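Quick notes on the structure that follows.
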């Protein structure tokens, strides 16, 4: 299982999600052939403002354990706020 995390701008979420899946497609095939295992790409995308893609809950269900979306959104929003504060001050 490969997990790739990104924090794209609001208008780029679906485009970024498709890019992440395509980006790791070759690696996934190589892992499956080399190690004879099932491999998946899980794009965990949370927008810079904290909103999530419609498919995030589905992708998180592939990862074992309990995952709270609030806990994933918090760092994205806080880092965005920190970046804005540094740029604007």
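The values are calculated or read from the model by the stated rules, or taken from the named source; none is laboratory data. Since we're looking at a predicted model, the values are computed, not measured. Every residue, glycine among them, receives a Cβ derived from its backbone with ideal geometry; neighbour counts consider all protein chains shown.
Selection over region 7-47 of residues that are touching a residue at least 40 places away in the same chain (Cβ under 8 Å) and over 15 Å from residue 80 (Cβ atoms) gives a count of 2. Among the conditions (1) out of contact with any helix residue (DSSP H, G or I) (no Cβ under 7 Å at 6 or more places or on another chain); (2) at pLDDT below 85, the only one that residue 86 does not satisfy is (2). Scan region 31-79 for residues that are outside any strand (DSSP E or B) and buried (at least 16 other Cβ atoms within 10 Å of the Cβ) and the total you get is 13. For beta carbons closer than 6 Å, sequence separation of 6+ or different chains, a first residue in region 74-85 that is at negative phi and a second that is modelled with pLDDT under 85, the qualifying pairs are 76/7; 76/46; 76/50; 77/50; 80/48.
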